[in-house]
1. With every protein chain kept in the model, how would you rank Leu6, Leu81 by accessible area, 1.4 Å probe, largest at the top?
2. Before anything else, pin down the relative contact order of the chain: Cα pairs under 8 Å, at least 6 apart, normalised by residue count, whole percent.
3. Rounded to the nearest 500, what is the chain's calculated 222 nm mean residue ellipticity when only DSSP H runs of at least 4 contribute -39500 (n - 2.57) each, over all residues?
4. Roughly how many percent of the accessible protein surface of region 1-89 is carbon and sulfur, given a 1.4 Å probe and a whole-percent answer?
5. What angle do you read, to the nearest 10 degrees and between 0 and 90, between the alpha-carbon axis of helix 51-60 and the longest principal axis of the chain?
6. On a full-extension model of 0.36 nm per residue, what is the gain between Leu6 and Gln95, subtracting their alpha-carbon distance, rounded to one decimal in nm?
7. State in Å² the accessible area per residue of the chain; use a 1.4 Å probe, count heavy atoms of protein chains only, and round to the nearest integer.
8. Mind checking the full-extension length gain between Tyr104 and Glu67? Use 0.36 nm per residue of separation minus the Cα-Cα distance, one decimal, nm.
Amino acid sequence: MKGYELKAILGKNIKFFRYRMEYSQADLAEKADISITFLSNIERGLKYPKPDTLLKLAESLEINVYELFKTDIIPDDNKKLINRLSEDITYKVNQAMESVFKQYLR
């Protein structure tokens, strides 16, 4: 397995467990004592956390560290749902940000 594949698996699993716990990125970032930006980068497979951060993330999600690296954690139909929700949320956030910028940059 290549490094980028491992980062992608880790990111998807963190997002899955975060959704399961009904945490926002801000909630999990606060519990794990990391920035929201860093958590976002981890979830998108762009960054890899240090071991102590992995442990904090796992503890915050109430799971064992090894569960963050399992490849069969999300059933295929749930993967499609998670991807669609992620796309929908991103779209809505972008719309809201655009509206705010238009309002305040007039």
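The values are calculated or read from the model by the stated rules, or taken from the named source; none is laboratory data. Model, not experiment: these values are computed from the prediction. Just the protein is used for accessible areas: all its heavy atoms, side chains included, with ligands, DNA and RNA removed. Shrake-Rupley method; radii C 1.70, N 1.55, O 1.52, S 1.80 Å.
1. Leu81, Leu6
2. 30 percent
3. The helix-only estimate for the chain comes to -22500 deg cm²/dmol at 222 nm.
4. Carbon with sulfur: 51 percent of the solvent-accessible area.
5. Result, in degrees: 70.
6. Fully extending the segment from Leu6 to Gln95 adds 28.9 nm.
7. Result: 71 Å² per residue.
8. 8.9 nm
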